[in-house]
1. Please go through (1) open to solvent by less than 90 Å² (accessible area, probe 1.4 Å); (2) out of contact with any strand residue (DSSP E or B) (no Cβ under 7 Å at 6 or more places or on another chain) for ARG82 and return the number of the only condition it doesn't satisfy.
2. Keeping to the stretch 129-151, report how many residues are polar (S, T, N, Q) and either outside any loop (DSSP other than H, G, I, E, B) or surrounded by 11 or more Cβ atoms within 10 Å (Cβ to Cβ) (or both).
3. Identify all residues within the stretch 118-128 that are under 27 Å from TYR93 (Cα atoms) and open to solvent by less than 90 Å² (accessible area, probe 1.4 Å); write none if there are none.
4. Are there any pairs with C-beta distances below 9 angstrom linking a residue in the stretch 15-26 that is farther than 17 Å from CYS41 by Cα to a residue that is modelled with pLDDT of 90 or more and of a type in the set (Lys, Arg), with the two at least 6 apart or on different chains, and if so which?
5. Among the residues in the stretch 58-77, are any on the phi > 0 side of the Ramachandran plot and over 17 Å from the mean Cα position of the chain (by Cα)?
6. Does the stretch 33-42 contain at least one residue that is among the hydrophobic types (A, V, I, L, M, F, W, C), surrounded by 14 or more Cβ atoms within 10 Å (Cβ to Cβ), assigned to a loop (DSSP other than H, G, I, E, B) and at pLDDT 95 or above?
Amino acid sequence: MRLNLIKGNIIAKNVQLLKDVLQNEGLRYTSKRQIVWDEICRNDNHRDADEIYFKIRQSGNKVSRATVYRTIDVLVKNNLVRKLKLGDGRNRYENKLETGHHDHIVCIQCGRIDEFMDENIEKLQDEIAKEYQFKIVRHIHQLFGLCRDCR
């Protein structure tokens, strides 16, 4: 029972977040935009817009590709979704709400993406910024190489 209550609160919070973002952008809240946001929140994978679109269609929902792309753009602009550029020409997206700060390690052969967080790296970044009298506002740390399976 408690788990259902918590899940219900999270869903209600996500609906309100989307409504607020759309209102700030001067856009209408629609069930189609909600479906896009729900699909992004439902999955922890780093997927491109077409993968999100096809998953929505596969689940039986009729949402246009244009709606998926436009909704993702609004979510990225309003910091609900992170856009990842991994150097292969495809942008990937991940929900920023339920995840803490993390970095990415990417296999350049199979595309596998793993998330990691290392306090030593974070501390070193802060020390370097201090040494150069630089205030870090945000950072993107991505490591590219070959995973265990592709080596």
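The values are calculated or read from the model by the stated rules, or taken from the named source; none is laboratory data. Predicted, not measured: the structure shown is a model, and the values here were computed from it. Here the Cβ positions follow ideal geometry from the backbone for every residue, glycine too, while neighbour counts run over all protein chains shown. Note: accessible area is taken over every heavy atom of the protein model, side chains too, but ligands, DNA and RNA are not part of it. Shrake-Rupley method; radii C 1.70, N 1.55, O 1.52, S 1.80 Å.
1. (2)
2. 1
3. Once the filter is applied, which keeps residues that are under 27 Å from TYR93 (Cα atoms) and open to solvent by less than 90 Å² (accessible area, probe 1.4 Å), the stretch 118-128 yields ASP118, ILE121, GLU122, GLN125.
4. Short answer, once both residue conditions are applied: GLU25/LYS77.
5. If we filter the stretch 58-77 for residues that are on the phi > 0 side of the Ramachandran plot, which is where we start, we get 60.
Applying the additional criterion that residues be over 17 Å from the mean Cα position of the chain (by Cα) yields 60.
Within the stretch 58-77 (the criterion being on the phi > 0 side of the Ramachandran plot and over 17 Å from the mean Cα position of the chain (by Cα)), the answer is yes, since at least one residue qualifies.
6. Let us first name the residues in the stretch 33-42 that are among the hydrophobic types (A, V, I, L, M, F, W, C), namely 35-37, 40-41.
Checking the rest, the ones that are also surrounded by 14 or more Cβ atoms within 10 Å (Cβ to Cβ) come to 35-37, 40-41.
Next cut, assigned to a loop (DSSP other than H, G, I, E, B) only: none.
The answer is no; no qualifying residue exists.
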